[in-house]
1. Quick one: would you say residue 52 is at pLDDT 95 or above, of a type in the set (Gly, Ala, Ser), surrounded by fewer than 13 Cβ atoms within 10 Å (Cβ to Cβ) and not in a loop (DSSP other than H, G, I, E, B)?
2. Would you check if there is a residue in the stretch 21-38 being of a type in the set (Val, Ile, Thr), assigned to a loop (DSSP other than H, G, I, E, B) and touching an Asp or Glu at 6+ places or on another chain (Cβ under 8 Å)?
3. Is it fair to say residue 16 is within 15 Å of the chain's Cα centre (by Cα) and either without any contact (Cβ under 8 Å) to a residue 40 or more places away in the chain or over 19 Å from residue 111 (Cβ atoms) (or both)?
4. So residue 57 ticks every box in (1) farther than 22 Å from residue 6 by Cβ; (2) in contact (Cβ under 8 Å) with a residue 60 or more places away in the chain; (3) out of contact with any Pro (no Cβ under 6 Å at 6 or more places or on another chain) but one. Which box is left unticked?
5. Check residue 74 against each of (1) closer than 18 Å to residue 113 by Cα; (2) of a type outside the set (S, T, N, Q); (3) modelled with pLDDT under 95 and name the one condition it does not meet.
6. When the residues of the stretch 60-74 are filtered to those that are part of a loop (DSSP other than H, G, I, E, B), in contact (Cβ under 8 Å) with a residue 24 or more places away in the chain and over 13 Å from the mean Cα position of the chain (by Cα), which remaining residue is farthest from residue 97 (Cα to Cα)?
7. Among what's in the stretch 105-117 and is surrounded by fewer than 21 Cβ atoms within 10 Å (Cβ to Cβ) and within 12 Å of the chain's Cα centre (by Cα), pick the residue that is farthest from residue 7 (Cα to Cα).
8. For the structure I just gave you, tell me whether residue 91 is of a type in the set (A, V, I, L, M, F, W, C), assigned to a helix (DSSP H, G or I) and surrounded by 11 or more Cβ atoms within 10 Å (Cβ to Cβ).
Amino acid sequence: MSGGVLKDPDRSHVVPFCWRSTIRDIVEALVAGDYELKVGVTSASPIPPVIAEQIRSQIADYGELLSELPQGEEAWERSAAQWMDGHWEVLLDLWTAESGHSDLALSLRVFETGTSYRFEIDSVHVP
């Protein structure tokens, strides 16, 4: 079902266009303080409380307010998605109100589920 999404185990590629809307929704939920994705992003798994607390703590410790991703390609230029034997590992730079592009990154996994994808958030951290 990969639908144009590359399953290349040898190198990473920018986040595919078909995932961007969902990832934007995930970032918007984090910006709003919904660290468990309780409000719900349709194709994203809820974030377990312990991981949600780690995400909240990482963002708080960073000391800047998380902001939505900028429109256009700028948000995706330094993103990475790589096939890893059954799923894609994704790393995406995040943005803050104070600095714009930040050192924070969103780490998630993407799984094929028949005719769609399921997104699982791993962390927000400074790589």
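1. no
2. Checked against the condition, which is being of a type in the set (Val, Ile, Thr), assigned to a loop (DSSP other than H, G, I, E, B) and touching an Asp or Glu at 6+ places or on another chain (Cβ under 8 Å), the stretch 21-38 yields no hits at all.
3. Here the answer is no, as residue 16 does not meet what is asked.
4. That leaves (2) as the condition not met.
5. Result: residue 74 fails condition (1) only.
6. 70
7. Going through the qualifying residues, I end up with 105.
8. Answer is no for this residue.
The values are calculated or read from the model by the stated rules, or taken from the named source; none is laboratory data. Nothing here was measured: the structure is a model prediction, and the numbers come from that model. Reconstructed Cβ throughout: ideal geometry from the backbone, glycine too, with neighbour counts over all protein chains shown.
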